[in-house]
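Asker: Have a look at this one.
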Amino acid sequence: MRYDLLLQSMVPGTPFDSDRVEALLEARGAKVLPSGGRTWLLAHGSVEFHPLREGGQWVATEVRVPLADRTELIREVVSKVAELAREAEVRFFDPQLGRELKVHDEGAVADQYERTARYAGEMLGLASAMPISTTESEGFQPTTKFLLGAIGLFTLLYLLVNWINSQLGG
């Protein structure tokens with residue numbers, strides 16, 4: 001699972017200047033991947049950049065940030081990629097928030113990133129995305145309580161039926 005951001009042309013519908021973005025990524029040390037994208041090693045982890053094509057035309061560049069239990073990487077990505085977008089004269093966009101990003105938006109993106117990582121960890125069962133931290137360390141989990149209640153109920157019914165049977169059968 002990952003959190004995706006986009007680098008796209010400033011005006012929707014106009015051609016995307018992928019060469020400029022690629023040159024700036026190369027200047028910052030991003031390495032070419034065998035799959036055709038690039039990987040950029042930052043202080044808190046690596047980020048992948050892949051072309052987004054529609055009808056065979058390169059319309060944007062996807063910025064793929066792996067989900068983790070910490071927000072340092074996404075904060076670094078927002079600040080560094082926002083600077084790259086400014087230099088490349090392209091728009092840095094977050095589809096999850098539905099808005100263009102600037103350097104000062106790292107807090108809002110980090111909050112959404114954290115919600116996405118928590119959802120992936122809890123709902124999709126991806127413990128590698130975000131460890132589930134439970135604040136309730138005492139007592140049974142709800143499923144355990146249900147199972148124990150069901151076992152208790154069936155035991156009580158069994159004993160009741162045996163007692164009634166012994167009373168009737170003598």
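The values are calculated or read from the model by the stated rules, or taken from the named source; none is laboratory data. Keep in mind that what you see is a predicted model, and the values were worked out from it rather than measured. For neighbour counting, all protein chains shown are included, and Cβ atoms are generated from backbone atoms with ideal geometry for every residue, glycine included. Protein only, heavy atoms only, side chains kept; ligands, DNA and RNA dropped before computing areas. Shrake-Rupley method; radii C 1.70, N 1.55, O 1.52, S 1.80 Å.
Asker: Calculate how steeply helix 106-123 sits against the longest principal axis of the alpha-carbon atoms of the chain, using the helix alpha-carbon long axis, and give the answer as 0 to 90 degrees to the nearest 10.
Answerer: Approximately 40 degrees, to the nearest 10.
Asker: Sticking with the crude label model, points 7 Å out along Cα→Cβ, report the distance from Glu87 to His104 in nm, one decimal please.
Answerer: Here the modelled spin labels are 2.3 nm apart.
Asker: Along the Cα-to-Cβ line of Ala23, 7 Å from the Cα, sits a label point; which residues in segment 81-119 have backbone N less than 20 Å from it?
Answerer: Within reach of a label on Ala23: 81-92.
Asker: Largest first and in whole Å, what are the equivalent-ellipsoid semi-axes of the chain based on the Cα gyration tensor, each being the root of 5 times an eigenvalue? Don't skip to the answer; put the middle values down first.
Answerer: Details: eigenvalues 596, 54, 38 Å².
Its equivalent ellipsoid spans semi-axes of 55, 16, 14 Å.
Asker: Projecting each Cα onto the charge dipole of segment 5-112 (Lys/Arg +1, Asp/Glu -1 at the beta carbon, about the Cα centre), which of His104, Leu84, Ser35 comes out farthest on the positive side?
Answerer: The one lying farthest along the dipole's positive direction is Ser35.
Asker: From Cα pairs below 8 angstrom and at least 6 apart in sequence, can you work out the relative contact order of segment 1-97, rounded to a whole percent? Don't skip to the end; give the middle numbers.
Answerer: Values: 151 pairs, mean separation 38.9, N = 97.
Relative contact order here is 40 percent.
Asker: With a 1.4 Å probe and every protein chain kept in, tell me what percent of the accessible surface of the chain is carbon plus sulfur. Walk me through the intermediate numbers first.
Answerer: Numbers: 6120 of 10810 Å².
Whole-percent figure for carbon plus sulfur exposure: 57.
Asker: Measure nothing but the geometry: give the 0 to 90° angle between the long axis through the Cα atoms of 72-88 and the longest principal axis through the Cα atoms of the chain, rounded to 10°.
Answerer: Long axis of 72-88 versus the principal axis of the chain: about 30 degrees.
Asker: What is the log10 of I(q)/I(0) for segment 80-127, computed with the Debye formula using one identical point scatterer on each Cα and no solvent, at q = 0.15, 0.17, 0.26 Å⁻¹?
Answerer: Relative scattering, expressed as log10 I(q)/I(0), comes to -0.48, -0.57, -0.91.
Asker: Dipole of segment 10-114, Cα-centred, from +1 at each Lys and Arg C-beta and -1 at each Asp and Glu C-beta, to the nearest 20 debye? Please report the intermediate quantities before stating the final value.
Answerer: Numbers: 13 positive and 19 negative charges, 36 e Å.
Here segment 10-114 has a charge dipole of around 180 debye.
Asker: Can you list residues whose amide H is under 5 Å from Val59's amide H, if they're 5+ apart or on another chain and H is modeled 1.01 Å from N?
Answerer: Leu52, Arg53, Glu54
Asker: With every protein chain left in place and a probe of 1.4 Å, what is the accessible surface of Met123, to the nearest 10 Å²?
Answerer: Around 130 Å² of this residue is reachable by solvent.
Asker: Related question: Per residue, how much accessible surface does the chain expose to a 1.4 Å probe? Answer in Å², no decimals. Walk me through the numbers on the way to the answer.
Answerer: Working: 10810 Å² over 170 residues.
With the other protein chains kept in place, the chain gives 64 Å² per residue.
Asker: Largest first, what is the accessible-area ranking of Ile74, Ile164 with a 1.4 Å probe? Let's see the in-between values first.
Answerer: Values: Ile74 0, Ile164 75 Å².
Of Ile74, Ile164, the descending order of accessible area is Ile164, Ile74.
Asker: Got a sec? What order do Leu159, Leu7 fall in by accessible area at 1.4 Å, biggest, i.e. largest, first?
Answerer: On the way: Leu159 105, Leu7 0 Å².
Largest accessible area first, the list is Leu159, Leu7.
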